[in-house]
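The values are calculated or read from the model by the stated rules, or taken from the named source; none is laboratory data. Computed from a predicted model, the values in this text were never measured in an experiment. Cβ coordinates were reconstructed from backbone atoms using ideal geometry, including for glycine residues, and neighbour counts include every protein chain displayed.
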Amino acid sequence: MKIMQATCLLTLMALTLACGYSAKTTPPVAGAMPAISQLSPDSATAGGAAFMLTVNGSNFGTKAVVNWNGTTQSATSYVSGNQLTVMIPATMIENSGTVQVTVTNPGNPGTGIYGTGATQAETSSSVSFTIN
């Protein structure tokens, strides 16, 4: 009897695997690539006060974030698909130099058991901001 049970169990396992039963996920596709056309202002004075940076461009997602020298600015505000704003604290402009500004549209993990609709995070080309 135990041999019959073991045989049935092995047969069921083999059939399950042979039918291809597994949770396959759909790989993420490229997301919308943001692009920066203008920073306003495009420069600041070293040691100056905090200021509001306006980033103009295209393809900004509602959850897009501004990156200041590679550091995500979590206080980014979405104005439209063409504009974001972020408060830059005085501590980030203490020293003169050039800072690289980018925008990242975060990825989307997708929905459903197969993860359909997943997108990759996309980051714009950098634009230079000058601290005089």
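Quickly run through segment 76-85 and pick out the residues that are within 20 Å of residue 49 (Cβ to Cβ) and surrounded by 19 or more Cβ atoms within 10 Å (Cβ to Cβ). Reasoning before the result, please.
So in segment 76-85, the residues within 20 Å of residue 49 (Cβ to Cβ) come out as 76-77, 85.
Selection gives 76 alone.
For segment 42-71, a residue qualifies if it is farther than 12 Å from residue 87 by Cα and free of Cβ contacts under 8 Å to residues at least 40 places away in the same chain, and the qualifying residues are 56, 58, 62, 69, 70, 71. Any chance segment 43-62 includes a residue that's within 25 Å of residue 99 (Cβ to Cβ) and at pLDDT below 95? Within segment 43-62, none of the residues are within 25 Å of residue 99 (Cβ to Cβ) and at pLDDT below 95. If the condition is being at pLDDT 95 or above, among the hydrophobic types (A, V, I, L, M, F, W, C) and more than 15 Å from residue 61 (Cβ to Cβ), then segment 87-132 contributes 87, 88, 90, 92, 93, 99, 101, 127, 129, 131.
Take the conditions at positive phi, surrounded by fewer than 16 Cβ atoms within 10 Å (Cβ to Cβ) and of a type in the set (S, T, N, Q) and apply them to residue 59. Does it pass? Spelling it out, it is not the case that residue 59 is at positive phi, surrounded by fewer than 16 Cβ atoms within 10 Å (Cβ to Cβ) and of a type in the set (S, T, N, Q).
With the structure loaded, tell me whether residue 55 is within 29 Å of residue 27 (Cβ to Cβ) and either in contact with a Lys or Arg (Cβ under 7 Å, 6 or more places away or on another chain) or part of a strand (DSSP E or B) (or both) or whether it fails that test. It would help to see each step written out before you state the result.
Working: within 29 Å of residue 27 (Cβ to Cβ): no; either in contact with a Lys or Arg (Cβ under 7 Å, 6 or more places away or on another chain) or part of a strand (DSSP E or B) (or both): yes.
It is false that residue 55 is within 29 Å of residue 27 (Cβ to Cβ) and either in contact with a Lys or Arg (Cβ under 7 Å, 6 or more places away or on another chain) or part of a strand (DSSP E or B) (or both).
Can you find, within segment 88-108, the residue that is surrounded by the most Cβ atoms within 10 Å (Cβ to Cβ) among those that are more than 13 Å from residue 45 (Cα to Cα) and among the aliphatic types (A, V, I, L, M)?
Step one: list which residues in segment 88-108 are more than 13 Å from residue 45 (Cα to Cα), which gives 100-108.
The next check asks that each one be among the aliphatic types (A, V, I, L, M); those that pass are 101, 103.
Details: 101: 22, 103: 27.
So the residue we want is 103.
Can you say whether residue 80 is among the small types (Gly, Ala, Ser) and at pLDDT 95 or above, as far as the supplied structure shows? If you could, list the steps in order and put the result at the bottom.
Numbers: among the small types (Gly, Ala, Ser): yes; at pLDDT 95 or above: yes.
Judged against the criteria, residue 80 is a match.
Note on segment 21-40: residues that are in contact with a strand residue (DSSP E or B) (Cβ under 7 Å, 6 or more places away or on another chain) and either modelled with pLDDT of 95 or more or of a type in the set (S, T, N, Q) (or both) total 9.
Scanning segment 94-123 for residues being over 14 Å from the mean Cα position of the chain (by Cα) and closer than 22 Å to residue 37 by Cβ gives a total of 4.
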